[in-house]
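Working notes, beginning with the structure itself.
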């Protein structure tokens, strides 16, 4: 039997594993897009496969948890869009700008936790808000006087994914330990599959699955396996590692994404984007200790759960 010390070490490993893969997931989606498999189709298949192959194990437990259906639906839809928005934003825009806008989620978490959970801020919470907003303003500042808003559709995807991720955190916090990790995992997979399936109804035929080569099939299957393993790894890790510590570990995703973007796509950030990113990262580092009266339920902390 594994000792508590080794369980903690394994939990840390699973979080680093998850952060590493989420920092790299955008690239195979770009490769698939280049093969003619658009982002919605690739995302739908990558999440539908683990739903069908593994999710059936938790279907009965999900049915038994139907008394929580409102918050389960919120969790599924918000987690679903946070994953879909991440993929679509990464396909169309600069990966680091999309991810940094996504990491404004601590700001939105503060707002939604106050609205739905009546959680009050301490003084550090106001620092987090200031850093998040300040970082966004610096990064998006327009010298010609235009409003500092996302510049294109990809950046709006990243921003909206961060907002919905914050809502999924609130939903997960409300559900707490009353709902098993397996049920939450299946709910997230179903949310992504449903949203992408509906989205495909409105995509012109020429933008759908136009080619399915053996290479594309292998890449899709590999993505499905990786996404399934990451989902479970996250659930294992966040139940055994304090939220403020897991927040720091998950920032490793940005390091991996920055290195991958540099070497795989030659994307670069200017000084303004670096300064804004440092402020947003700082707000994420402190986001685990922003409430004056912490509840007993733990706060999930991953954008890819």
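The values are calculated or read from the model by the stated rules, or taken from the named source; none is laboratory data. Source: prediction; values computed, not measured. Note that we place each Cβ from the backbone using ideal geometry, even for glycine, and neighbour counts take in every protein chain shown.
Taking the options 276, 288, name whichever one is surrounded by 14 or more Cβ atoms within 10 Å (Cβ to Cβ), modelled with pLDDT under 60 and part of a helix (DSSP H, G or I). Step by step, each of 276, 288 is checked, and only 288 is surrounded by 14 or more Cβ atoms within 10 Å (Cβ to Cβ), modelled with pLDDT under 60 and part of a helix (DSSP H, G or I). Checking every residue in the stretch 74-94 against the condition of being crowded, with 19+ Cβ neighbours inside 10 Å, more than 20 Å from the chain's Cα centre (by Cα), part of a helix (DSSP H, G or I) and at pLDDT 70 or above gives zero matches. Only residues that are modelled with pLDDT of 75 or more, surrounded by 15 or more Cβ atoms within 10 Å (Cβ to Cβ) and part of a helix (DSSP H, G or I) were counted in the stretch 136-158, giving 6.
Of the residues making up the stretch 33-45, just one is surrounded by 21 or more Cβ atoms within 10 Å (Cβ to Cβ) and over 20 Å from the mean Cα position of the chain (by Cα), namely 37. Screening the candidates 85, 34 for the property of being free of Cβ contacts under 8 Å to residues at least 24 places away in the same chain and within 26 Å of residue 100 (Cα to Cα) yields one hit, 34.
Looking at the stretch 95-129 only, could you name the residues that are touching a strand residue (DSSP E or B) at 6+ places or on another chain (Cβ under 9 Å) and either at pLDDT 75 or above or assigned to a loop (DSSP other than H, G, I, E, B) (or both)? Correct list: 119, 120, 122. Does any residue of the stretch 232-245 turn out to be surrounded by fewer than 16 Cβ atoms within 10 Å (Cβ to Cβ), assigned to a loop (DSSP other than H, G, I, E, B), in contact with a helix residue (DSSP H, G or I) (Cβ under 8 Å, 6 or more places away or on another chain) and at pLDDT below 65? Yes: one or more hits. Taking the conditions exactly as written (modelled with pLDDT under 75, in a loop (DSSP other than H, G, I, E, B) and surrounded by fewer than 16 Cβ atoms within 10 Å (Cβ to Cβ)), does residue 266 satisfy them or not? Criteria met by residue 266.
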